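Structure first, commentary second.
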Amino acid sequence: MAARPRSPKGFFVTATGTVPSGQQDDLLQAFATAITHITAPRSQNDLISQISTLMVANFGAARSELWLHDGSDNLNLASAAGAAAEHNMLRMSVEGNPIGQAFTERKQISAQEPTSTLAYVSVHPLVNCNQCLGVVVNAAQNPPSDEQRGWWQTFADASAIALHQMFASEDSQKTITQLSLLFEATRLLNSTLDLAELLELIMKIARTEVKADRGSVFLVDKAHKELWSIVASGLEHQELRVPFGRGVAGRVAETGEVINVADAYTLPFFDRSFDQKTGYTTKSLLCLPIRHHNNEIVGVLQLLNQSTHGRFTPEDQEFLTKLTGHMAMALENARLHREALEKQRMERDLAVARNIQRSLLPEAPPVVPGYDIAVINHMCYEVGGDYYDFLNLGPQTLLIVVADVEGKGVSSALVMSNLQATLRALVMHLHSLEVLTISLNEMIFNDTKSEKFLSIFLGLVDIRRGGLHYINAGHVPPILVKGATGEFKTLEDGGTVIGLFPDAEYNRGSAKLEPGDILVCCTDGIEEASNTEDEEYGTERLAEAVARHRSKHAKEIVEAVLEEVTAFSVGGKNIDDKVLMVMKVTTDGKFDQANAAGEKQLVKEPVLPRHR
């Protein structure tokens, strides 16, 4: 902004104007209101922030900055209000710039910086009892009048009196420096989300201010009930881990107390092993908790060996308590940043896993003369445990598979991929449904140690004769709807689920497939979808829906059923993986002379569709 320190050559004296009629009374009222604020501040910080805030709110400055002298040759930015800054200065020299000139000469200076948005600058020294405490820098887009600058200086004089009274104690200059350091700490907190870098910068400020020889920041690891250090000033960067309750830091993490002693060896819980390993001698020690805004302890700050007084003072403790508040915010911001990055990484990994899992499933149902087949697969998460497949076991034999791995998410998806590989390996060598199912159960049981199990329906379709042999291993019973009447029956013969019991036995069932008949296979996400009254969609509703639409093609039946399930479960529970497969018999399976070429093609080409 206009307050950026520049060479005097970059400024020139501005023109002045007059205050419009009636504005004088407004400024007088504004001054009276402002005085009430600065004469009764709630705290030192409140007074400092009020000066710049009131200059903007009551006296028309577009931006106001309060710069306080640190007792040496520098001015520190203590507070600011109004328009955004056009500089990043937190400290400047009192020499070589108009702001420093106003401070050293103790007189008001007006200047202009043509390249700035707020081009008109007025610097007002804060003088009281023959002592200049600092300056107030006001900036505006238009040139302020002489009267307005006069009110600015009048309020600056009143502020100087209030500040002098506030800084009357012998530690006033130290307080100013600490405020500046806290201001700088805030800037550093906003400059990076790298936790190690940020905490190291904060630690440097803390050590410099309280004159500590060494220091460490410990973060709380709740999972392991430990503290771990990511920065140790004065030592090489190495990770230190301390169990809760051990040593001074561990005790502070556990109790939340502040420990400030001149001789650490007088503490019965002081851990001397660190000194013994490094040859270092710990004398004075200050250790305090880093608390989140909800009062939760998220870390511990520990400083060793105060170099000037021999021990850490109450003022040191107060300053560091304020600093730990900033550190707690830094920890929270860095944690949220890490979590966001981790979430993005997991989302990318899950997207890749989803594509891989989809590649394990058929791209589309097979084209089988005499049969119309359609299927949908909806996963409620990126990956899931529902599985379906079509396996060609011969020129006139099709194995249809629908399975549901217990649970959801990544673990179920891994078992699903294992099931796909295992099943495809077994069908190459086994031609009995019973033996196939028993072998599948044994292999899944050995792989999962009964921690995961699955239900599965294996249906062996005799394409030519219209026969169906099946085993239902604990799966949602498929429904066979008769095309002529709309009546249905469920296919339940088989046995228990796969992977739970090592010696399970399975028995096959059979059914006749007539022209117009419809076989419906699904996972529990279809039948267990519930409405607002917690009533499930169920087998009967599914069968009735298929019967109503039995004159349609298989794909249309799937779409109609899915639409009804969605409408039924509005406001209820419908958050499970879903597979819905419909196979409709379109002919009696006997091929006439005109279909001979098609039959020959069926024998020559496998029914199994291409997979990704």
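Measure out, as a whole number of angstrom, how far apart the alpha-carbon centroids of the range 292-353 and the range 259-285 sit.
So the separation of the two Cα centres works out to 24 Å.
Nearest 5 is fine: what % of DSSP beta bridges in the range 361-585 come out antiparallel, could you say?
Bridges in the range 361-585 that DSSP calls antiparallel: roughly 95 percent.
Let me check against my output: what whole-number percent is the relative contact order of the range 72-165, with C-alpha pairs under 8 Å and at least 6 apart?
Reported relative contact order: 20 percent.
What's the ranking of 120-127, 73-80 by average number of surrounding C-beta atoms within 10 Å, highest first?
Ranking, from highest mean packing down: 120-127, 73-80.
From largest accessible area down, sort E254, E536, E200; use a 1.4 Å probe on the protein chains.
From most exposed to least exposed: E254, E536, E200.
Using packing as a proxy for protection, rank 471-480, 387-396 so that the peptide with the highest average count of other Cβ atoms within 10 Å comes first.
Top to bottom by mean Cβ count within 10 Å: 471-480, 387-396.
Taking a ≥ b ≥ c as the square roots of the Cα gyration tensor eigenvalues, with a/c under 1.5 meaning rounded and otherwise prolate when a/b beats b/c, else oblate, which class fits the range 192-337?
Because its axes are fairly even, with a/c under 1.5, the range 192-337 counts as rounded.
Among the listed pairs K482/K552; K222/K322; K552/K584; K512/K584, which have their C-alpha atoms separated by more than 21 angstrom in this model?
Too far apart for the 21 Å limit: K222/K322.
Suppose R0 equals 25 Å. What FRET efficiency, 1/(1 + (r/R0)^6) with r the Cβ-Cβ distance, do N531 and H378 give to the nearest 0.05?
0.85
So for the range 361-585, averaging the separation of alpha carbon pairs under 8 Å that are six or more residues apart and normalising by length, what relative contact order in percent results?
Computed value for the range 361-585: 24 percent relative contact order.
Between T39 and V570, with labels modelled 7 Å along Cα→Cβ, what's the label distance in nm to one decimal, could you check?
Distance between the two pseudo-spin positions: 6.8 nm.
Once you order the gyration tensor axes a ≥ b ≥ c over the Cα atoms, which shape class does the range 31-172 get: rounded for a/c under 1.5, otherwise prolate or oblate by comparing a/b with b/c?
The shape class here is oblate.
Using the per-residue mean of other Cβ atoms lying within 10 Å as a proxy for protection, in what order, highest first, do the peptides 524-530, 443-449, 464-470 fall?
The peptides rank, most packed first, as 524-530, 464-470, 443-449.
In whole Hz, with x marking every Gly and Pro, tabulate ³J(HN,Hα) for the range 438-453 from phi via Karplus 6.51 cos²θ - 1.76 cosθ + 1.60, θ = phi - 60°.
Couplings: 4, 5, 4, 4, 5, 5, 5, 4, 5, 6, 9, 6, 6, 7, 10, 9 Hz.
Aspartates and glutamates near K277 by alpha-carbon distance under 16 Å, same-chain residues fewer than 8 away left out - which ones?
Of all the aspartates and glutamates, those that pass the test against K277 - Cα under 16 Å, at least 8 places apart if same chain - are E236, E239.
Please work out the Cα center distance from the range 114-130 to the range 450-521, rounded to the nearest Å.
88
The values are calculated or read from the model by the stated rules, or taken from the named source; none is laboratory data. Nothing here was measured: the structure is a model prediction, and the numbers come from that model. Every residue, glycine among them, receives a Cβ derived from its backbone with ideal geometry; neighbour counts consider all protein chains shown. The protein model used for the area step is the full one, side chains on, heavy atoms only, and it has no ligands, DNA or RNA in it. Shrake-Rupley method; radii C 1.70, N 1.55, O 1.52, S 1.80 Å.
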